[in-house]
């Protein structure tokens, strides 16, 4: 054995952790680097983002959501220990304490390099009845299994989804697909608070049009249960505290309220956390102030390139990139994660919803003055079959005309157009530069002026008008 | 009347000309600027790109392809004179000679500012039988009408398409949709010569899979006609001159060989033309050396930002941008057309084909050394219904890693992904920068690593390996 052989310990066996382990393994062989990964759950490397489609019946089974099995990881020389929880990190002695959940046996394992990829935990407000039978989260594959089993065994067909962010709206679609009457209860005035309210209202209209009952401006105050302790209704009150509450009968309740960084271990170890409770790293994903510890995925905060602030954005695509960067650096290569511009895309049935960059309130908070324009266009040439209306909202900085953000609500072909804006944001383009972008055009793909360019033209005019050009 | 009132004359009533006229009108009222536009044909402001879909039956009728009627233009204060041909430009006296095609009456009209938007003319090789009944171009709405009428009245069901560029492949789809047996005769080794040959072969395979007979490496030598002078077969010979020719029976022949700039007028007037026969302009679309003459659309050459050379790229989306820029400048505003990166997207049935930037041979010709990588990925998460394979080829400059070009062949959802690369090219991004682009991710829209990013990762590795990093 190589006397200088090192040990890499990875905490968390999902996207960020196993990407880091795999990339490190590609760069350094087992004779050079031992890799031990701990996962407390039953699954590694799975697609949590796929759970709504599994619940909705579009994905056949659990196996399809598993990108790589524990056996596959082990065959690649990664000692992945399932159902083993890390209970402490000792940064002074460079070791972690781990417990086999089956036997309860505990031990310390020393590390030369440590990767923390502990993910996020679902928010679960402390409300009466919130842990009742019939109330489901959708964070893990286990949650998905439990929900699918509940849908099978539940007789009634009334579902209440709590929360109208991307998990909430995706679950609304899934339950519609399962034949449920769906009610969405949402604290904000419109669904998708990641959009400006005007764009959120367009989503609200479209969801109502799908037969979903939208209950906005409303807080959940509890879950009413029957004598057997089973959820039968969701209790609510107006979010502004006015007037009496209401109750929505529910045979099944799904919580899509969001998640928070799972950083209890890191906090106990004295590692640096940010305002959102996520680990703070440098651009190489190294935990600030700790030479041999990296962190990535849903347990870290990321730099928002548009506002210059740290944010918590739990998304599989970021987690995979973090893992790639960490693995390169741990393996002796070099890579950085420069930050995000805040791109997200989701759908409810045939409605596509996308955003990137800053919303109006983000821009104001960042001290930016801006113009905002909204245009109606179509996903294809107007005369081409399947051409569907889409709405594009664009923010540009006052005077400079720099692109600040784009939001899109439309049908098929609308959502991924946000990528053009994501790249333009990354490159620091102005809306004037964008008007002349050489985007792909043919009638089945786009109007002759792509909707994003139509918005850019309108933004140019407004930037000019505002400052008297 | 304003004594300083000027007259703008526009030659050509399609995308570039009428966009220029409309934009100039927005900036300057009729009391300030008279606008006269001459169009020799029967239609103005029509979508030539839509003709294949009209022929194929996906677009209901001719009217749908007309963006704005002559009456609508006139209501906006543009004196559009249909079926009126400009026969000479006198740049010394600032006037154009025009002829009413119905009466034959001719006259001179002076201009203060002139816009040349004469478009392109279809290439029609001088071959025996090329003008026979049953041989059709697809350049104008009149061509489209004639072809549709011929398809209605023709009994046989064998069609030969000459040329396998984007018009050729779109017409192959249209004729398939009409129930024809389709043969495509193509001089190059594979269809879509705008792609590298390896990607062209993927298109070839897919087209064969649709039941299209592909005859590559083959020149058309003539059209055989019957006693009535009607086309009955297309005669061919191997493109390399080897061996005997062959004959393909044809009840209908469609020419999709391409177009050349329509610049006879400009040439006669002594205006500057480039190597491809197109007018040469500055970045404001002003004809070089002529203060009061602008040109745009299919009659000009454009700057290819990737190679630094002038090219002729007839595309409606460029023509519209040119018109916009010209109108702004003519109207006393300011705008430039910075050039193109060479983006194009098209489809044959459900096959999507896209490209941007340089092919291998373009890069070599430009004196660039590069690495090329090809990856297979999917348009959506692999487990999501409708996820389809797609191939992405990427070129990056040696040492610098600067993105040079991307080609995509895939199914639904593949083509418009080229826009990400188009923006990255415009911004001068490296493939390393691209790997961390914050693109929209959700299972219905993309794998967790977007296929374009997968290609970028592979290109990074190859750039590094090649120079020993």
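Distances between copies at residue A:87, taken between label points 7 Å from Cα along the C-beta direction, are 10.0 nm in increasing order. Determine which residues of segment A:194-233 fall in the zone a paramagnetic label at residue A:275 would reach in this model, i.e. backbone nitrogen under 18 Å from the point 7 Å along Cα→Cβ. Residues passing the 18 Å test: A:194. The spread of Cα positions in segment B:124-257, taken along each principal axis and listed from longest to shortest, comes to 41, 32, 24 Å.
Quick one: Debye curve from the alpha-carbon atoms of segment B:193-233 only, equal weights, vacuum; give me log10 I(q)/I(0) at q = 0.14, 0.21, 0.22, 0.32 Å⁻¹ to two decimals. One equal scatterer on each Cα of segment B:193-233 leads to -0.51, -0.77, -0.79, -1.05.
For the peptides A:214-221, A:92-99, B:21-28, the ranking by mean Cβ contacts within 10 Å, running from highest to lowest, is B:21-28, A:214-221, A:92-99.
Treat segment A:147-220 as a sphere of radius equal to its Kirkwood radius over Cα pairs and apply Stokes-Einstein at 10 °C in a medium of 1.306 mPa s; give the translational diffusion coefficient in µm²/s, rounded to a whole number.
Result for D is 128 µm²/s.
Average projection, convex hull of the Cα set of segment B:1-100: 7.4 square nanometres. When the P(r) is computed for segment A:12-59, the part past 17 Å accounts for 48% of the Cα-Cα pairs.
As a test of understanding, state the convex hull volume per residue of segment A:191-260 from its alpha carbons, in Å³.
Numbers: hull volume 8.8 nm³, N = 70.
Enclosed volume per residue, from the Cα hull, is 125 Å³.
Centre-to-centre, using Cα atoms only, segment B:57-136 and segment A:309-358 are separated by 51 Å.
Can you work out D for the protein assembly as shown in µm² s⁻¹ from Stokes-Einstein, where Rh is the Kirkwood radius over C-alpha pairs, the temperature is 37 °C and the viscosity is 0.692 mPa s? Please report the intermediate quantities before stating the final value.
Working: Rh = 30.4 Å.
Calculated translational D: 108 µm²/s.
Projected label points at residue B:213 and residue A:264, each 7 Å from Cα along the beta carbon direction, are separated by 7.3 nanometres.
Peptides A:342-349, A:268-275 ranked from most to least packed, by the mean per-residue count of other Cβ atoms within 10 Å: A:342-349, A:268-275. With the largest listed first and rounded to whole Å, the semi-axes of the equivalent ellipsoid of chain B from the Cα gyration tensor are 38, 31, 20. Sorted fewest first by neighbouring Cβ atoms within 10 angstrom, B:73, B:312 come out as B:312, B:73.
For residue A:30, the distances from its label point to the matching points in the remaining copies are 8.5 nm, ordered from shortest, with each point set 7 Å beyond Cα toward Cβ. For segment A:311-411, the mean projected area of the C-alpha convex hull, equal to one quarter of the hull surface, is 9.4 nm². Inter-label distance, residue A:465 to residue A:247: 5.3 nm, where each label sits 7 Å from its Cα along the C-beta direction. Across all Cα pairs in segment A:178-316, the calculated P(r) in 10 Å bins from zero up to the longest distance comes to 10, 27, 25, 23, 12, 1 percent per bin. When Rg and the Kirkwood Rh are both derived from Cα coordinates, the Rg/Rh ratio for segment B:351-464 amounts to 0.97.
Measuring r between the beta carbons of residue B:336 and residue B:157 and using R0 = 60 Å, the FRET efficiency lands at 0.75. Look at the stretch A:310-318: the mean tally of other chain Cβ atoms within 10 Å of its residues' Cβ atoms is 3. Once the Cα-Cα distance is subtracted from the 0.36 nm per residue extended length, the residue B:224 to residue B:101 segment shows a gain of 40.9 nm.
Using r as the Cβ-Cβ distance of residue A:399 and residue A:83, and R0 as 60 Å, what FRET efficiency do you calculate, to the nearest 0.05? Efficiency, from the Cβ-Cβ distance: 0.55. With both labels modelled 7 Å from their Cα along Cα-to-Cβ, the residue B:283 to residue A:146 distance reads 6.1 nm.
With the label put 7 angstrom out from Cα along the Cα-to-Cβ vector, residue B:75 ends up 6.8 nm from the copy partners, going from closest to farthest. One Cα centroid belongs to segment B:1-27, the other to segment A:417-443; the line between them spans 28 Å. Here the convex hull built on the C-alpha positions of segment A:96-197 has a volume of 170 cubic angstrom per residue.
Coordinate-derived values only; no laboratory data. From a predicted model like this one, the values you see are computed outputs, not experimental measurements. Please note: Cβ atoms are built from the backbone with ideal geometry, for glycine as well, and neighbour counts cover all protein chains shown.
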